[in-house]
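Have a look at the structure below, then the notes.
The values are calculated or read from the model by the stated rules, or taken from the named source; none is laboratory data. In this text, all values refer to a predicted model and were calculated from it rather than measured experimentally. Every residue, glycine as well, gets a Cβ built from its backbone with ideal geometry; the counts of neighbours run over all protein chains shown.
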């Protein structure tokens, strides 16, 4: 089964993490277009990912919502290792999925190798990642889509695009990751608690 999943491009989260570590050791990244910047971001993002896994404390309400699920769900996350928003959010998603591994199966799909699929889940016309698609396998239907970032973080981006205030992208990105650091994954947990509450 794992071989079949790999053939269609789906990776388990554990496999993704192993590849993540290998890319950093090899000085590479998940995309074939491995620019110097993307390689450096991949290295930084592995540290972010590991830190979140080591320090994350999940909310009790979120835990309860995850554990009460009865149907079988597949979560497919479109992402790339060099994506900063993914490094801040994907580890949290993985920890949520681990709360009920019998009912929630998490898979990773690379955006740049699956642009046709990605184009079904654009954010304001952009291939923004990470993007999670939740599929109810019991009822064979899509239950919800989340991403690419918590609503408050998305608002920061929208406001910066409307009025950069003299800040370039690198300066804005520093502000965004400062927001993530202060928020400590609280917003994404609240949003997922609401989403899980809608599941059967």
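Only helices (runs of 4 or more DSSP H) whose full extent lies in the stretch 27-114 are considered here, and the ones with at least 3 residues that are closer than 20 Å to residue 194 by Cβ and within 17 Å of the chain's Cα centre (by Cα) are 84-97. Please indicate, with yes or no, whether at least one residue in the stretch 104-123 is over 20 Å from residue 11 (Cα atoms) and either in contact (Cβ under 8 Å) with a residue 24 or more places away in the chain or crowded, with 19+ Cβ neighbours inside 10 Å (or both). Yes, the stretch 104-123 contains at least one residue that is over 20 Å from residue 11 (Cα atoms) and either in contact (Cβ under 8 Å) with a residue 24 or more places away in the chain or crowded, with 19+ Cβ neighbours inside 10 Å (or both).
Filter the stretch 54-102 for residues that are out of contact with any helix residue (DSSP H, G or I) (no Cβ under 8 Å at 6 or more places or on another chain) and surrounded by 14 or more Cβ atoms within 10 Å (Cβ to Cβ) and give the result. Of everything in the stretch 54-102, those that are out of contact with any helix residue (DSSP H, G or I) (no Cβ under 8 Å at 6 or more places or on another chain) and surrounded by 14 or more Cβ atoms within 10 Å (Cβ to Cβ) turn out to be 63, 72, 73, 74, 76.
Somewhere in the stretch 123-140, is a residue part of a strand (DSSP E or B), at pLDDT 95 or above and more than 30 Å from residue 34 (Cα to Cα)?
Yes; the residues of the stretch 123-140 include at least one that is part of a strand (DSSP E or B), at pLDDT 95 or above and more than 30 Å from residue 34 (Cα to Cα).
The residues on offer are 90, 58, 46, 78, and the sole one that is under 13 Å from residue 186 (Cα atoms) and either modelled with pLDDT of 95 or more or out of contact with any strand residue (DSSP E or B) (no Cβ under 8 Å at 6 or more places or on another chain) (or both) is 58.
Restricting attention to the stretch 145-173, the residues that are surrounded by 16 or more Cβ atoms within 10 Å (Cβ to Cβ) and part of a strand (DSSP E or B) total 1. When the residues of the stretch 1-26 are filtered to those that are surrounded by 10 or more Cβ atoms within 10 Å (Cβ to Cβ) and modelled with pLDDT under 95, the one that is farthest from the chain's Cα centre (by Cα) is 2.
Can you tell me which residue is surrounded by the fewest Cβ atoms within 10 Å (Cβ to Cβ) among those in the stretch 174-200 that are free of Cβ contacts under 8 Å to residues at least 60 places away in the same chain and touching a strand residue (DSSP E or B) at 6+ places or on another chain (Cβ under 9 Å)? Ranking the qualifying residues of the stretch 174-200, first place goes to 198.
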